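Below: one structure, written as structure tokens.
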């Protein structure tokens, strides 16, 4: 079983601050996905990273896949209240099966 | 309707009741999934259907019974549930066999078992 650990579990920051959340595993993944889940909704895919060391940017969000494809980070610059949500990482094995982490709850207050 | 829809959005049931959760995907996908989401725990994959055939059952208790009549509809029949089954039940769909797979989730059914 590929266990994905996300840290921190909870993060509360003020609008305009930066934050980083982490997703770590002892296993290698073929790809890794980040989802955001807002209250009352299902998770929505933000990005998929495939290559070790890959960095992808989505506006103020920067995603990095570790060189060994075992870990990933999500960095948000100048956070806004709209960034509030549960951030989930999910690693895919070679058959495409997804394993989810427990998520990081991010709260951005005005 | 677009994307993945789920009904009902909220459900309260007693341990002796029988109820069903419904999921419909309007994306033309060939795979559908049921997940259980409990607080502070990873999403737990329950069942997977590819082309209407069940391909995965992750040791789910028999009080949960899935049904997939066609590639657009997925049901989860519930009977004699336990309070620990209270959770958010998420349905997802994806197109399998075309490289990187993205799962599209419905809004979930919030279930409370009394």
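All of the numbers you see were taken from the coordinates with simple rules; none came from a lab. The model shown is predicted, which means the values in this text are computed figures rather than measured ones. Heads up, the Cβs are rebuilt from the backbone with ideal geometry, glycines too, and the neighbour counts pull from every protein chain shown.
Tabulated values for the structure
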{"read-out": "Fraction of alpha-carbon pairs over 26 Å apart in the protein assembly as shown - percent", "value": "38 percent"}
{"read-out": "Percent of alpha-carbon pairs separated by more than 21 Å within segment B:45-114", "value": "28 percent"}
{"read-out": "log10 of Debye I(q)/I(0), alpha-carbon scatterers only, for segment B:1-101 at 0.14, 0.17, 0.22 Å⁻¹", "value": "-0.52, -0.77, -1.24"}
{"read-out": "Burial order of peptide ranges B:18-24, A:51-57 (average beta-carbon count within 10 Å, highest first)", "value": "B:18-24, A:51-57"}
{"read-out": "Computed lengthening from residue B:55 to residue B:15, 0.36 nm per intervening residue step minus Cα-Cα distance", "value": "11.6 nm"}
{"read-out": "B:86, A:72, A:25, A:94 arranged by Cβ crowding within 10 Å, fewest neighbours leading", "value": "A:94, B:86, A:25, A:72"}
{"read-out": "Burial ordering of B:13, B:46, B:32, fewest other beta-carbon atoms within 10 Å first", "value": "B:13, B:46, B:32"}
{"read-out": "Calculated FRET value between residue B:67 and residue B:40, using beta carbons and R₀ = 30 Å, to 0.05", "value": "0.50"}
{"read-out": "Cα convex hull of chain A - mean projected area over all directions, nm²", "value": "6.3 nm²"}
{"read-out": "Förster-model FRET efficiency, 35 Å R0, residue A:26 and residue B:112, C-beta, rounded to 0.05", "value": "0.45"}
{"read-out": "Relative exposure of B:68, A:89, judged by other C-beta atoms within 10 Å (fewest first)", "value": "B:68, A:89"}
